[in-house]
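Trainee: Got a structure here, written out as structure tokens. Questions coming.
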């Protein structure tokens, strides 16, 4: 028999809290994987690669990588190479969402946005995060701030 919850009961009890995300990678390993991902993007001729440190600022990830490509095939190839790299690094639960101008790769601790140039300018997600943006070289050497 299905139990029906009345609207009044939901209002009184409030929404269920979402489960807290558990980091898969420790800080050192996270930095190593991010460095490998940035290297892969650079090998694929990605442009304007940046890494945003989200520790303490977002609950859904610790790092966000944003990069641009010229055409949709290049962007999809970059995403495929990153997905393979993550699998080789033991991160097997990744989700990929794609459109012609934008590919999102969610690897738990690391979120990757790959854009065509025009889409990146339009969405301008770097500006949404009022946080320190690390360039590709800094990302592999920076220690996360507490």
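Trainee: Which of the numbered conditions does residue 129 fail, given that it passes all the others? Conditions: (1) closer than 25 Å to residue 59 by Cα; (2) at pLDDT 90 or above; (3) touching a strand residue (DSSP E or B) at 6+ places or on another chain (Cβ under 6 Å).
Mentor: (2)
Trainee: Take the residues of region 86-103 that are free of Cβ contacts under 8 Å to residues at least 12 places away in the same chain and within 18 Å of residue 39 (Cβ to Cβ): which is surrounded by the most Cβ atoms within 10 Å (Cβ to Cβ)?
Mentor: My answer is 87.
Trainee: Could you please give the count of residues in region 94-108 that are at pLDDT below 90 and under 23 Å from residue 57 (Cα atoms)?
Mentor: Total satisfying the criteria: 2.
The values are calculated or read from the model by the stated rules, or taken from the named source; none is laboratory data. Here the structure is a predicted model, which is why all the values come from computation and not from measurement. Positions of Cβ are generated from backbone atoms using ideal geometry, with glycine treated the same way; all protein chains shown enter the neighbour counts.
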